[in-house]
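One structure below.
Read-outs throughout are calculated quantities, based only on the coordinates presented, and are distinct from any laboratory measurement. Predicted model, so just to flag it, every value in this text is computed and none were measured. Cβ coordinates were reconstructed from backbone atoms using ideal geometry, including for glycine residues, and neighbour counts include every protein chain displayed.
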């Protein structure tokens, strides 16, 4: 019996009749006839088990041996699970997956790399740049999803990396390689084979020109874990974070530096901020990402404009910068109208959260007045439109990190949780913080 209506192959939305453009995801030519509904025979039901007797930690994790990646994954990859690893071209996603593969093989476990975009010689050359290649690393160069799924089913390796899922195809489908139906079909085949074999599967994915995951939206729902590799391809720092994780919490981050020998784990996050500078326009703050706190230097340059004033922000929020400039002028009497303002976060770590407001505002005021602040001063807090300072999440952790890094003065909102040590100076408003920093 034929199904009723049509279903989108990209987002799964239903439509009563065929149309060229899906109303759910706005993709073109993705509607297909809905499959016929399946009828269950009377008396059939699914087996059940008492929920209170199920072990929540029953899934077996295999550490990848890459500590920062294991931190993001909550300890490692789960048997039979599928992890989607994606990022922009050149950011290091293939290198990270290969590093994990070599580390697992070094423990004597069986691993397989399905190379759909490179030859075996290219993979071998990249692997040797990462270090000695342990015995037992197998590589298959194929773009056939059925062949790769059969390989997983026959070998049942501990870990299998497919680089990339966007290049896999099934000759049984009439669409072109890389199309939505092909990627979805390939992912479904590989996930089913890995789950049946108890293999931890890592799929390397591409991104669109907008930076989003390429392929069907159903791909994110199909896999168990989605991990993104972020970073400027022209800079060394890489940030790895889990956007979805069925076996643990998301929000944890891992830090790497890209070097000639591949990705190197960053152990000393303080080194990213660089030396403390006693220069106008430089203020240190503490950002909070996952369970970690990172010191970041906010740098601002204010220069007289020769035309329309420019506002340039790099690794800081342009919207927050514009808001703070208005608050500084309206509430603190600092006129920045005829000046260009350039703001950046040093070290490669983004500083886009509201907790950076106070440091950014102090850096602007410092640059505008030409007054250098104490390099051992740390500023934390969100600034409101009325010029008031608001509490931020993880304030106690941020203050603790600032103290641990040797801060002599920590400016915070006047709220509970900042701590009562003399090093902390709670302030109620931006104007009060400016005075405490010696800028008013």
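Short-range pairs are left out: with C-alpha atoms under 8 Å and at least six residues apart, the relative contact order of region 56-105 is 40 percent. Treating r as the C-beta distance of residue 135 and residue 319 and R0 as 56 Å, the FRET efficiency rounds to 0.55. Where a ≥ b ≥ c are the square roots of the eigenvalues of the C-alpha gyration tensor, would you call region 60-265 rounded, which needs a/c under 1.5, or, failing that, prolate if a/b is larger than b/c, or oblate? Rounded. Measure nothing fancy, just the Cα-based angle from helix 395-404's long axis to the longest principal axis of the chain, in degrees from 0 to 90, nearest 10. Compared with the principal axis, the helix lies near 70 degrees.
Note on the chain: Cα Rg divided by 2.2 N^0.38 Å, N the number of residues, gives 1.18. Distance between the modelled labels on residue 408 and residue 271, one decimal in nanometres: 2.7 nm (7 Å Cα→Cβ projection).
Find the centroid of the Cα atoms in region 14-34 and in region 211-258, then give the distance between the two in whole Å. One Cα centre to the other: 29 Å.
Over the chain, what is the relative contact order in percent, taking alpha-carbon pairs closer than 8 angstrom and at least six residues apart? Contact order relative to length: 12 percent. Using C-alpha pairs below 8 Å separated by at least 6 residues, the relative contact order for region 58-167 is 28 percent.
Binning all Cα-Cα separations of region 270-436 at 10 Å, short to long from zero, yields these whole-percent fractions: 11, 45, 36, 8, 1.
Shape class for region 238-289, computed from the alpha carbon gyration tensor (a ≥ b ≥ c): oblate, with a/c not under 1.5 and a/b at or below b/c. Calculated [222 nm] ellipticity per residue, helices only, for the chain: -8000 deg cm²/dmol; basis is -39500 (n - 2.57) per DSSP H run with n ≥ 4, divided by all residues, nearest 500.
Averaged over residues, the count of other Cβ atoms within 10 Å places the peptides 377-389, 357-369, 94-106 in the sequence 357-369, 94-106, 377-389, highest first.
Taking R0 as 45 Å, what's the FRET efficiency between residue 120 and residue 51 from their Cβ-Cβ distance, rounded to 0.05? Could the numbers behind the result be given before it?
Values: r = 48 Å, r/R0 = 1.06.
The formula returns an efficiency of 0.40 here.
When a/c reaches 1.5 or more, the comparison of a/b and b/c decides; with that in mind, is region 331-388 rounded, prolate or oblate per its Cα gyration tensor? Rounded, because the longest to shortest axis ratio a/c is under 1.5. Any chance you could give the angle, 0 to 90 degrees and rounded to 10, that helix 318-332 forms with the longest Cα principal axis of the chain? Helix 318-332 sits at roughly 20 degrees to that axis. Spin-label model, residue 13/residue 352: points 7 Å from Cα along the beta carbon direction are separated by 2.5 nm.
Residues considered: 12, 290, 205. Largest GNM mean-square fluctuation over the chain, using C-alpha springs under 10 Å, is found at 12.
Between residue 385 and residue 303, the simple label model (points 7 Å from Cα in the Cβ direction) yields a spacing of 3.3 nm.
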